[in-house]
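For reference, the structure is listed below as structure tokens.
The values are calculated or read from the model by the stated rules, or taken from the named source; none is laboratory data. Computed from a predicted structure; not experimentally measured. As a convention, Cβ positions derive from the backbone with ideal geometry for all residues, glycine included, and neighbour counts pool all protein chains shown.
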């Protein structure tokens, strides 16, 4: 699917779906504690989505080249898992000091929103706190670069300029994207770049911005499950994401 501009009516529906998705992620995050399984978090997210008549956009999604559809409503990525962690099995449980990303997509009235947050399990160490804090701030800085007439390169440049002095690795293979009519649309929205480069943003475009930062090196690898990306060096990773609509004056965050 090419680059699309959404109508005012569609943006209003996306706003409603984004609000619902934000509420779900907040509720699921509140259940994160030692002894809980990622599968239980997925089950909760799925129930919260479907009981209000919405549909999880990740469950059954088959990206290009995938050997099988994604088997869950919620991606739960723990510690060195960067994104797309599959919350399978009841034998895997969270431990005190873990960090994990909760990433979900919602279809509301036929339109798609996408959001992610990283949280700690109980007491986490200072480096984990800094990693989460810097990643969250990087998202806010990327969003501030959005306006009609700006470019995807402006977003990446803003994020990269903020992150580099803080010593974390910026994942380059994975990035933000257009969203609204599908799970993934154009344009590709990287978390690094040059001012003025990339795609020009137009009012009404809806994009997901999602910095992914590693505690160590930026390199990642794909697990044998075909979905889970991990850091190559085994260091921890954090990920925050919002769906936003481009306006002439800036960005409106839909997933709040």
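Numbers for the structure displayed
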read-out: Failed item, numbered, when residue 224 is tested on (1) closer than 23 Å to residue 112 by Cβ; (2) at pLDDT below 95; value: (1)
read-out: Residue that is farthest from residue 14 (Cα to Cα) [pool: residues in the stretch 48-71 that are under 15 Å from the mean Cα position of the chain (by Cα) and in a loop (DSSP other than H, G, I, E, B)]; value: 58
read-out: Set 85, 105, 142: member being under 15 Å from the mean Cα position of the chain (by Cα), over 26 Å from residue 38 (Cα atoms) and surrounded by 22 or more Cβ atoms within 10 Å (Cβ to Cβ); value: 142
read-out: Qualifying position, being surrounded by fewer than 20 Cβ atoms within 10 Å (Cβ to Cβ), in contact (Cβ under 8 Å) with a residue 60 or more places away in the chain and either under 21 Å from residue 227 (Cβ atoms) or touching a strand residue (DSSP E or B) at 6+ places or on another chain (Cβ under 7 Å) (or both), among 38, 63; value: 63
read-out: The stretch 165-177, subset within 15 Å of the chain's Cα centre (by Cα) and part of a loop (DSSP other than H, G, I, E, B), residue farthest from residue 234 (Cα to Cα); value: 175
read-out: Selection count where residues are in contact (Cβ under 8 Å) with a residue 60 or more places away in the chain and either part of a loop (DSSP other than H, G, I, E, B) or surrounded by fewer than 18 Cβ atoms within 10 Å (Cβ to Cβ) (or both), scope the stretch 231-251; value: 8
read-out: Test: residue in the stretch 110-120 that is within 24 Å of residue 221 (Cα to Cα), surrounded by fewer than 22 Cβ atoms within 10 Å (Cβ to Cβ), over 14 Å from the mean Cα position of the chain (by Cα) and at pLDDT 95 or above; value: yes
read-out: Residue in the stretch 11-18 that is in a helix (DSSP H, G or I) and either within 21 Å of residue 132 (Cβ to Cβ) or out of contact with any strand residue (DSSP E or B) (no Cβ under 9 Å at 6 or more places or on another chain) (or both) present; value: yes
